[in-house]
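Readers should treat all values here as calculations from the given coordinates under stated rules, not as data from a laboratory. The structure displayed is predicted, hence computed values, not measured ones. Neighbour counts are summed over all protein chains in view; Cβ atoms, including those assigned to glycine, are modelled from backbone coordinates with ideal geometry.
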């Protein structure tokens, strides 16, 4: 026993000395953010690694009840205008958490950037714009849409400006106006600092073009239309619009649906201004979900914007899978195994966060409100030239007269706005973008059920604002009214 105790005491002494020596050693340099290159690596995680398409598409007017199909809560609950009873990938809560993780990474980077403003200028620019973007998406989904008359009273979301260093930090929502002011501050300070030469794969980062694209969306929501036009035009510096748009009626026309899936979200596709990786089931679900694109909706959305008089857009790229399941080959899943020999893992998709098409529509919409109808027509014709099969400028040109006739209106502005909205709806079907327009214009949404009465989400319905996660209450964040 005496010998055992002696051995035990000796071992404890050796362990204590060893631990002391270990703790006296400097940490692994790879874990220390002490160079622009390391901060840049951290900023690769400052983009929300989650996908909003499932819940935002399912709550929109792009979907119908097919009667049968894949049942998924992130599709079912938004369709019935209910809070989503799911916290896994594609849910609002998963997206909320991913945004704040991205913000935490941006704030960690900014803390390092503050040590040497000149040395870390480009990284600071990217971090500020990343922080602005994640907060913008949060306030868009989890607060009322920006309205100058009410934004000073409408609850916003917490705008986090520093890394978390306590276990249970307390936050306050403040107002939508405050959140927008902070977004604008970060965006306008960060954008001029961005340096595209710092990126090895620019499409995965906020380049100048991507940052201007974000600004064009932000100011569209803020209703500052001259700024929308200015930022959008910076994406097309030489007015080289057509070269950046997806060639649906030429190159895309001859691709198989597998080839389209492979190309749509590639970094080499000029239309993709910013891409982000997201854990998501949407790539496998959106084709066959019960509440999605059926024959009636596909005709309504994809065949209606025929103001050009030409062969309707996307007619040759619309596919079916089984009964009444219509889809455009866009969101392609890739499966990441937990290890080389593992049979389990996680599904991921690449999400186009900003595209040249959106920027074009943002500018066109802003020009509608600025009453620059000729500029609107120029942008719509550029778009149509890449979408109408066998496009002929003389035969298919969009004019104010055609718009008035097609929409049966004498109001040139109203007709032009409707044309922009219709083309945009068709362009982004199954990507969740339609919800942003429904929010901004407070458009009611009606979902007709295969069995039972229809349901309508009115313009002032509180369910238009997604619920803040239960877990956020621990941080003192009030939930949205129901």
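Ranked from largest, the principal axis spans of the Cα set of the chain equal 101, 54, 49 Å.
Would any residue of the stretch 438-467 have its amide N under 20 Å from a label point 7 Å out along Cα→Cβ of residue 479? List them or say none. Within reach of a label on residue 479, which here means backbone N under 20 Å from a point 7 Å along Cα→Cβ, the stretch 438-467 contributes 461-467.
Report note on the peptides 377-390, 179-192, 39-52: ranked by the mean count of other C-beta atoms within 10 Å, highest first, their order is 39-52, 377-390, 179-192. Both radii were evaluated on the Cα set of the stretch 390-447; the Rg over Rh quotient, with Rh as the Kirkwood radius, amounts to 1.05. When both bridge partners sit in the chain, DSSP labels roughly 90% of those beta bridges antiparallel.
Between the Cα long axis of helix 176-190 and the first principal axis of the chain there is an angle of about 80°, rounded to the nearest 10. You can think of it this way: the chain between residue 342 and residue 34 has 107.3 nm of extra reach, that is 0.36 nm per residue less the Cα-Cα gap. Principal axis analysis of the Cα atoms in the stretch 129-237 yields extents of 41, 37, 20 Å, listed in decreasing size. Taking label positions 7 Å along the Cα-Cβ direction at both residue 170 and residue 253, the computed distance is 6.4 nm, reported to one decimal. With Rh defined as the Kirkwood radius, the inverse of the mean 1/r over Cα pairs, the Rg/Rh of the stretch 236-366 is 1.00. Each peptide in 122-135, 151-164 was scored by the mean count of other Cβ atoms within 10 Å over its residues; highest first, the order is 122-135, 151-164.
If R0 is taken as 41 Å, the Cβ-Cβ distance between residue 470 and residue 401 corresponds to a FRET efficiency of 0.15. On a 0 to 90 degree scale, rounded to 10, what angle separates helix 225-235 from the longest Cα axis of the chain? Around 70 degrees separate the two axes.
Ranked for footprinting exposure by Cβ neighbours inside 10 Å, fewest first, 408, 217 give 408, 217.
Extending 7 Å from Cα along the Cβ direction at residue 85 and again at residue 185 yields two label points whose distance is 4.2 nm. The slack in the chain from residue 296 to residue 389, taken as 0.36 nm per residue of separation less the alpha-carbon distance, amounts to 31.3 nm.
Roughly speaking, what is the centre-to-centre gap between the stretch 254-295 and the stretch 375-420 when only Cα atoms are used, to the nearest Å? After rounding, the separation between the Cα centres reads 27 Å. Considering only the Cα atoms of the stretch 356-482, their convex hull presents on average a projected area of 11.9 nm². Between the C-alpha center of the stretch 98-161 and that of the stretch 467-482 there is a gap of 19 Å.
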